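> This is the structure I want to talk about, given as structure tokens.
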Amino acid sequence: MLEKEKKQRLRQLRRKIRRLKWFPAYQNFSELGIKGRRNDEQRYRYLDFSHCKDKIVVDYGCNLGQASVKATQAGARKVIGIDSQADTIQSALEIRDLLGISTINYHVVDFNEKDFNKKIKQLFQDEIPEISFFLSVYRTKELKDRDGLFRFIIQNTKEIIFFEGHSERSIDTFEYYTDLFLKFNLNADFLGYSQKDTRPFFLIRL
Ligand SMILES: C[S@@+](CC[C@H](N)C(=O)[O-])C[C@H]1O[C@@H](n2cnc3c(N)ncnc32)[C@H](O)[C@@H]1O
């Protein structure tokens, strides 16, 4: 692609991302000069992407695919990004292409659909992913069956789930998530708080 054409595509993409219907301008892609409101520095101190090398990774509620891109750059064999927002996924695809990445597939699936599990299973093509990212999605208030989704992720991850909570200080406490993981019989390592010390971050080994 010519430099001039790339610059023009980038300008249009930045504009589009600022106008997304849900979670506009959420994630950063410094390589492309795309600025988002999430402070991701702390989170990526905890999310050790070296676990992704040669693995299949699923990014649940991927948004523009920031974590998907980082997993790919760390050598993931295949990455599947899933989000309900078609306009967000369209922008994620454009970002992927501008970065010249071919090993991420993004898909529109709504976790609130009755058959979301069948749709996601189809994407796996009989290979259960080793790693899942479930970052700042569990307590999204519009989710109808957050525990059903979490159960699906647990049952469809072979090795590790990276889990980030939300940032409501009165709800998203260490104890809240410890109780949640106990309910699912999970061993979770608490790694610290991301997003200006508000979001608890865990590594769950299966
Ligand atoms: C708070 S953002 C977190 C994005 C990303 N995981 C991160 O932490 O940078 C929540 C994401 O989940 C997606 N999401 C929310 N409800 C969803 C649903 N019912 N089905 C699929 N994706 C959903 C949103 O579109 C949004 O991109």
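> Considering only DSSP beta bridges whose two residues both sit in the chain, what percent are antiparallel, to the nearest 5?
Just about 40 percent of them are antiparallel.
> What residues qualify as long-range amide H neighbours of residue 81, i.e. H under 5 Å apart, gap of 5 or more or another chain, H built at 1.01 Å from N?
Amide H to amide H, under 5 Å and 5 or more residues apart or across chains, residue 81 pairs with 59, 105, 106, 107.
> Let me see the P(r) profile for the chain: every Cα-Cα distance counted, bins of 5 Å, each bin given as a percent of all pairs.
Distribution as computed: 1, 7, 16, 20, 21, 18, 11, 4, 2, 1, 0 percent.
> Please report, for the Cα atoms of the stretch 15-110, the Rg to one decimal and the Dmax as a whole number; what are they, in angstrom?
Final numbers for Rg and Dmax: 12.5, 35 Å.
> Residue 20's amide H: which non-local residues (gap 5+, or another chain) put their own amide H closer than 5 Å, with H modeled 1.01 Å from N in plane and none for Pro or chain starts?
Placed amide hydrogens put 25 under 5 Å from residue 20.
> Which cross-chain or sequence-distant (5 or more) residues have an amide H under 5 Å from the amide H of residue 199, H modelled 1.01 Å from N in plane?
Distant-sequence amide H within range of residue 199: 194.
> Report, ordered by chain and residue number, the lysines lying within cross-link reach of residue 196, taken as a straight Cα distance under 20 Å and ignoring same-chain residues fewer than 8 apart.
Reachable lysines: 35.
> I've got another one for you. Of the listed pairs 121/183; 53/119; 6/119; 53/141, which have alpha-carbon separations greater than 31 Å here?
Exceeds cut-off: 6/119; 53/141.
> Still on this structure, please answer the following. Quick one: longest stretch of the chain between exposed loop GluC sites (Glu not before Pro), exposed meaning at most 11 other C-beta atoms within 10 Å and loop per DSSP? It would help to have the intermediate numbers written out before the result.
Working: sites that count: 41, 127, 142.
The answer is 42-126.
> Using the Karplus equation 6.51 cos²θ - 1.76 cosθ + 1.60 (θ = phi - 60°), what ³J(HN,Hα) coupling, rounded to whole Hz, does each residue of the stretch 55-68 give in order, writing x for Gly and Pro?
After applying 6.51 cos²θ - 1.76 cosθ + 1.60, I find 9, 8, 10, 10, 10, 7, x, 6, 6, 7, x, 4, 5, 4 Hz.
Each value in this text was obtained by applying a stated rule to the coordinates, not by laboratory testing. The model shown is predicted, which means the values in this text are computed figures rather than measured ones. So basically every Cβ, Gly included, is an ideal-geometry build from the backbone, and we count neighbours across all protein chains shown.
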